[in-house]
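J.: Structure provided below as structure tokens; questions to follow.
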Amino acid sequence: MKLRDIRTFVVGNPPPHNGGPYFVFAKLATADGVEGVGEAYGVPFDPHHVARLLEDVFRRYLEGEDPHDIERIWRRVYSSGYSQHPDLALMGVLSALEMACWDIIGKAAGQPVYKLLGGRVHERLRTYTYIYARPGDRTDVYQDPDLAAQRAAEYLAQGFTALKFDPLGPYSAFDGRQPSLAALDRCERFMRQLRSAVGSQADLLFGTHGQMTAAGAIRLARRIEPYDPLWFEEPVPPDAPEEMAKVARATHVPIATGERLTTKYDFARLLKAGGAAILQPNLGRVGGLLEAKKIAALAEVQHAQIAPHLYCGPVVGAANIQLATCSPNFLILEGIERWQGLHAQLLRKPIRWEEGYVIPPTEPGLGIELDEAVARAHPYSGTALHLEMAGEPV
């Protein structure tokens, strides 16, 4: 079996853009006609350039190779250009290509990928969602604890047992910072009102995006501790795991982080520092499925858990499901609400979500098929990055 061709898709995600303004997919084909799909997350360039990067890396390192040779392909791409370093852009590209290889491997074997990475551990996967804004909202659900509490009750009625939110405010290229007293008060009010709204029916996941210094994060952690959140997410920027560890040592709230880390090397440094009890690899950035399985094993040795991150499209979501299903230390799975709307339309068979849980697929490969007609019908013509930080200090 040899890899022969690649097709790329830059798909526009219509308002309210949950999961990002666009998704970048790659579809690989072998000489004997087996196809597999992957998705790159958060590569910080015009997404049409990312599509060209996917094609360039495929032509240099994957074309003509056997897709089963994941380790060989991975090392060659990781070391390309004399790099040998966890590079976010290159690893986002490699993640999509590696993911597509696993889709092919599973289809060739007639097995879901999780059967090839250790087998099924979990019969169903607990999920959570952000508390998202909706068209017609009169206030900002990210800043209005009353609206957030109302929406939380609606999510509970759908079957969710865990909800995430970030009321701290904007994240900036100049973070971390000390949060203002007004921001600390707002965050504490969010926790108090959401806990009152959900009681013990749901876990609350306090999400931040690296906005704080360790000292500032410790101040906030003390405010939210009485409301028993399941985790405190990425309180400081991701480039200093020893600073994350200072927060972890100062609070009883578990620290979760990892969406902006890539490869086992980043995660090993985080674990060695004692920076997190819950790891959040994004399968479209971390280096792919096998790399994520290695990271899950590193976490297992430290009695840490994994909670795969998702703020992108349904292909990464499908890869997350494969990893979660075969990982003994899986905790919870991020979803974009219930994977409805375009997330469902892009797949010939939507991800199966039932009363707060995803049911792992039994179909081979990633368990999904990209509907290319839908992908082509939603082209993205902009040049924005997937996520932007404020360009001035907050």
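The values are calculated or read from the model by the stated rules, or taken from the named source; none is laboratory data. Nothing here was measured: the structure is a model prediction, and the numbers come from that model. For neighbour counting, all protein chains shown are included, and Cβ atoms are generated from backbone atoms with ideal geometry for every residue, glycine included.
J.: Looking only at region 314-327, decide whether some residue is free of Cβ contacts under 8 Å to residues at least 40 places away in the same chain and either of a type in the set (V, I, T) or surrounded by fewer than 18 Cβ atoms within 10 Å (Cβ to Cβ) (or both).
T.: Taking every residue of region 314-327 in turn, none turns out to be free of Cβ contacts under 8 Å to residues at least 40 places away in the same chain and either of a type in the set (V, I, T) or surrounded by fewer than 18 Cβ atoms within 10 Å (Cβ to Cβ) (or both).
J.: Scan region 94-143 for residues that are at positive phi and out of contact with any Lys or Arg (no Cβ under 9 Å at 6 or more places or on another chain) and report the count.
T.: Of the residues in that region, 3 qualify.
J.: Look at E71 and say whether it is surrounded by fewer than 24 Cβ atoms within 10 Å (Cβ to Cβ), at pLDDT 95 or above and of a type outside the set (S, T, N, Q).
T.: yes
J.: A follow-up question, please. What pairs come out if I take residues in region 29-43 that are of a type in the set (A, V, I, L, M) and pair them with residues that are surrounded by fewer than 17 Cβ atoms within 10 Å (Cβ to Cβ) and not in a loop (DSSP other than H, G, I, E, B) whose C-beta lies under 7 Å away, six or more apart or interchain?
T.: Close Cβ pairs satisfying both conditions: A29/R4; A29/D5; A31/R4.
J.: I need the full set of residues from region 303-327 which are assigned to a loop (DSSP other than H, G, I, E, B) and either within 9 Å of the chain's Cα centre (by Cα) or of a type in the set (V, I, T) (or both), in order please.
T.: Scanning region 303-327 gives A307, P308, H309, L310, Y311, C312.
J.: Here is a further query. Among the listed residues A256, A297, A276, identify the single one that is at pLDDT 95 or above, assigned to a helix (DSSP H, G or I) and outside the structural domain of G106 (by TED's automatic domain parsing).
T.: Result of the check over A256, A297, A276: A297.
J.: What are the residues in region 197-219 that are farther than 28 Å from P86 by Cβ and in contact (Cβ under 8 Å) with a residue 12 or more places away in the chain, if any?
T.: A197, V198, Q201, A202, D203, L204, R219
J.: Modelled with pLDDT under 95 and either assigned by TED's automatic domain parsing to the domain that holds L333 or not small (G, A, S) (or both): is that true of R134 in this structure?
T.: yes
J.: Among the residues of region 372-390, is any under 29 Å from A157 (Cα atoms) and outside any helix (DSSP H, G or I)?
T.: No, because not a single residue in region 372-390 is under 29 Å from A157 (Cα atoms) and outside any helix (DSSP H, G or I).
J.: Here's something else I'd like to know. Taking region 331-349 as the search range and keeping residues that are touching a residue at least 24 places away in the same chain (Cβ under 8 Å) and surrounded by fewer than 21 Cβ atoms within 10 Å (Cβ to Cβ), which one is nearest to P314 (Cα to Cα)?
T.: Only one residue fits best here, namely A344.
J.: Quickly run through region 100-155 and pick out the residues that are in contact with an Asp or Glu (Cβ under 9 Å, 6 or more places away or on another chain) and β-branched (V, I, T).
T.: Those that are in contact with an Asp or Glu (Cβ under 9 Å, 6 or more places away or on another chain) and β-branched (V, I, T): I104, V113, T127, T129, T139.
J.: Given the criteria buried (at least 21 other Cβ atoms within 10 Å of the Cβ) and out of contact with any Ser or Thr (no Cβ under 8 Å at 6 or more places or on another chain), does L3 qualify?
T.: no
J.: Confirm whether Y311 is among the aromatic types (F, W, Y) and over 26 Å from W231 (Cβ atoms).
T.: Against the criterion (among the aromatic types (F, W, Y) and over 26 Å from W231 (Cβ atoms)), Y311 does not qualify.
J.: Based on this model, can you work out whether A245 counts as of a type in the set (A, V, I, L, M), farther than 27 Å from A197 by Cα and out of contact with any Leu (no Cβ under 6 Å at 6 or more places or on another chain)?
T.: yes
J.: Assess whether G136 counts as being farther than 28 Å from G42 by Cα, in contact (Cβ under 8 Å) with a residue 12 or more places away in the chain and either surrounded by 14 or more Cβ atoms within 10 Å (Cβ to Cβ) or of a type outside the set (D, E, K, R) (or both).
T.: It is false that G136 is farther than 28 Å from G42 by Cα, in contact (Cβ under 8 Å) with a residue 12 or more places away in the chain and either surrounded by 14 or more Cβ atoms within 10 Å (Cβ to Cβ) or of a type outside the set (D, E, K, R) (or both).
J.: Please name all residue pairs, on different chains or six or more residues apart, with Cβ atoms under 7 Å, provided the first residue is in region 220-238 and is under 20 Å from G258 (Cα atoms) and the second residue is surrounded by fewer than 17 Cβ atoms within 10 Å (Cβ to Cβ).
T.: A221/A250
J.: With V374, V358, V394 as the choices, which residue is in contact with a Leu (Cβ under 8 Å, 6 or more places away or on another chain) and not assigned by TED's automatic domain parsing to the domain that holds G210?
T.: The conditions single out V374.
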